[in-house]
Amino acid sequence: MAYVRGERQQTQLFPASLEDYVGGKDPVRVYDAFVNQLDFRELGIVLDDNQMGPPEFDPQAMVKLLVYGYAYGIRSSRKLERALYHNVSFMWLVGGLKPDHKTIARFRRDHREAMKGILKQCVRLCVQLGLIEGNTLFVDGTKIRANAGMRESWSKERCDRVLKRTDEHIERILKECENVDASESGDSSLVNHPELQDAEALKAKVQAIAETLKKSGKPVLNTTDPDCRHMQGRQGTHAAYNVQLVVDDMNSLIVQSDAVEDVNDRHQLANQATQANQTLGKPCETICADAGYDHNPSWKELEDQGISVVVKANDQKPSGPFTKDQFRYDAGRDCYVCPVGQTLAYRSTDKKTQHRIYTVANATICRTCPQKMACSKSWTGRTIARIPLEEIRPVVQARYESPAGQVLYARRQCKVEHPFGHIKRNLGVQAFLLRGLAGVRAEAALLATCFNIARMMTLVGVGGLLPEPSTA
Ligand code: SF4
């Protein structure tokens, strides 16, 4: 016979219990053991077998379902429900429970805060197992699409444009109606004109959006998910969230996850490092990030705590004989000394940028300088802008340029991009399912937990994560 064929009518002897379907070293047992050891009281989920009211599905089983589902790229509540009927490992994990998709979705929505706590407990477990050191951390961010379309994003310009167009449309309909009314005596055609009603409904809707947009202070408001922002990614502009991860150097395990509304990473370094340190229960020694995290106040805040910052400066202008780096800053006198030895003293502070402006005492000094044309084309002479906390920049720059800093920075990419690659490629996460910042943060924490569990299995093996079998 050419092929081995299946036989649906063949009598089968299936194992008697679900336990017999799952091998002793099956990865699902790790997820089961992980959730069993979670402190649910700390997560804010009450486990009370004697509670009053209609019986609920076991919260432990529901958490297992979510963690295991996310770990295998099954996130939608309908797919999770289906898996409970068709996938033996899911059946085993929840003991054959069959919550429907509405129950699963409601549990996930009602326990968004708890999901963030699960990652913290996972990190503490990794520390106990000696898999997270917490000395050197890497921070990076990526854009992940929100569960919202761009068509529902409204800027002030778009509101004004649509309102103008709608007003013109209403005007045109009214004029047509007036013409009809003038030519036909009898009933007015104005009141119940369906096109007119639609246009007025649209106008009222856009006016309400414009009002909300104004109150929010945001440049763009998405009516499907008001927390998301327009973000530029490699695949174009989308309604998205900026997902931040802090990864430990030792084994690339995630220490902290977050989702923020900021369209860039600039202000996130101190914020993410502080949250990671709180989870670890101690301050890290070094934190490393790419040029997107170039932000003097964040650097200063961390350096003041004794944390060494290794970040590539975002200075894109090439160095030259009269670029700013060739002007020596004299901290004692609060002035700059130019390459030919002239002093540029403090003149004023830009109210908007808070940059301190330094100039020569008299424009004639620059006008008569032989280097004038190479240094400045301004008639009033050369100015230097000093950004707030600029004194921190040479410290961070020197550390980044040191041999040790270069080795660390080279390691950054593979360390911190590994989790993003796993989440986006292996788990297939192209967009969040939950809407709103709290929901997105919960999903990000769940995905980070799943990455950590998968990584722990790689590092110590399934057997190393399972509890010792009871000898009683
Ligand atoms: S142009 Fe002015 S600031 Fe520039 S080198 Fe000459 S004196 Fe110094």
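The values are calculated or read from the model by the stated rules, or taken from the named source; none is laboratory data. No experiment lies behind these values; they were computed from the predicted model shown. Backbone-built Cβ (ideal geometry, glycine too); neighbour counts: all protein chains shown.
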Boolean, Arg347 is touching a Lys or Arg at 6+ places or on another chain (Cβ under 9 Å) and within 16 Å of the ligand (Cβ to nearest atom): yes
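Step by step: first the residues of the stretch 132-142, then only those that are surrounded by 19 or more Cβ atoms within 10 Å (Cβ to Cβ) and of a type outside the set (Ser, Thr, Tyr), then the one that is farthest from Asp290 (Cα to Cα). Which residue is that? Let's see the steps before the verdict.
Restricting attention to the stretch 132-142, the residues satisfying the condition of being surrounded by 19 or more Cβ atoms within 10 Å (Cβ to Cβ) are 132, 134, 136-142.
When the remaining residues are screened for being of a type outside the set (Ser, Thr, Tyr), the result is 132, 134, 137-141.
On the way: Ile132: 22, Gly134: 19, Leu137: 12, Phe138: 9, Val139: 8, Asp140: 7, Gly141: 10 Å.
If we take residues in the stretch 132-142 being surrounded by 19 or more Cβ atoms within 10 Å (Cβ to Cβ) and of a type outside the set (Ser, Thr, Tyr), then Ile132 is farthest from Asp290 (Cα to Cα).
Yes or no, residue by residue, for (1) in the same structural domain as Gln256 (by TED's automatic domain parsing); (2) buried (at least 18 other Cβ atoms within 10 Å of the Cβ); (3) within 16 Å of the ligand (Cβ to nearest atom); (4) not in a loop (DSSP other than H, G, I, E, B):
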position	(1), (2), (3), (4)
Tyr358	no, yes, yes, yes
Ser378	no, no, yes, no
Tyr400	yes, yes, no, yes
Leu408	yes, yes, no, yes
Cys414	yes, no, no, yes
Arg441	yes, yes, no, yes
Ile453	no, yes, no, yes
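Rundown of residues vs (1) more than 23 Å from the chain's Cα centre (by Cα); (2) in contact (Cβ under 8 Å) with a residue 60 or more places away in the chain; (3) outside the structural domain of Phe420 (by TED's automatic domain parsing), yes/no style:
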| residue | (1), (2), (3) |
| --- | --- |
| Gly96 | yes, yes, yes |
| Pro99 | yes, no, yes |
| Ala105 | no, no, yes |
| Met115 | no, yes, yes |
| Ile118 | no, yes, yes |
| Val123 | no, yes, yes |
| Cys126 | no, yes, yes |
| Gly130 | yes, no, yes |
| Thr142 | no, yes, no |
Selection status of Arg382, away from the ligand (no atom under 16 Å from the Cβ), in contact (Cβ under 8 Å) with a residue 24 or more places away in the chain and under 17 Å from Lys324 (Cα atoms): no
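Tally up the residues in the stretch 416-439 that are among the aliphatic types (A, V, I, L, M) and assigned to a helix (DSSP H, G or I), please.
Narrowing the stretch 416-439 to residues among the aliphatic types (A, V, I, L, M): 416, 423, 427, 429, 431, 433-434, 437-438.
From the residues that got through so far, the ones that are assigned to a helix (DSSP H, G or I) too are 416, 423, 437-438.
Total satisfying the criteria: 4.
Specify the residue that is farthest from Asn296 (Cα to Cα); the eligible residues are those in the stretch 380-390 that are assigned to a loop (DSSP other than H, G, I, E, B) and of a type in the set (A, V, I, L, M, F, W, C).
Narrowing the stretch 380-390 to residues assigned to a loop (DSSP other than H, G, I, E, B): 380-382, 387-390.
Keeping just the survivors that are of a type in the set (A, V, I, L, M, F, W, C) gives 387, 389.
Details: Ile387: 8, Leu389: 6 Å.
Result: Ile387.
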Neighbours by Cβ (under 9 Å, 6+ apart or cross-chain): first from the stretch 440-469, free of Cβ contacts under 8 Å to residues at least 12 places away in the same chain and more than 18 Å from Gly428 (Cβ to Cβ); second of a type in the set (Gly, Ala, Ser) and not in a helix (DSSP H, G or I): Pro469/Gly24
Residue in the stretch 363-373 that is within 9 Å of the ligand (Cβ to nearest atom), outside any loop (DSSP other than H, G, I, E, B) and charged (D, E, K, R) present: yes
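Taking the condition touching a residue at least 24 places away in the same chain (Cβ under 8 Å), away from the ligand (no atom under 16 Å from the Cβ) and in contact with a strand residue (DSSP E or B) (Cβ under 9 Å, 6 or more places away or on another chain), does Thr353 pass?
yes
Over 30 Å from Pro403 (Cβ atoms), exposed (fewer than 13 other Cβ atoms within 10 Å of the Cβ), of a type in the set (Ser, Thr, Tyr) and not assigned by TED's automatic domain parsing to the domain that holds Gln413: is that true of Thr343 in this structure? Show your work before the answer.
Numbers: over 30 Å from Pro403 (Cβ atoms): yes; exposed (fewer than 13 other Cβ atoms within 10 Å of the Cβ): no; of a type in the set (Ser, Thr, Tyr): yes; not assigned by TED's automatic domain parsing to the domain that holds Gln413: yes.
Taking the combined requirement at face value, the residue does not satisfy it.
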Neighbours by Cβ (under 8 Å, 6+ apart or cross-chain): first from the stretch 316-344, over 21 Å from Val395 (Cα atoms); second more than 8 Å from the ligand (Cβ to nearest atom) and assigned to a loop (DSSP other than H, G, I, E, B): Pro339/Pro321; Thr343/Arg333; Thr343/Ala361
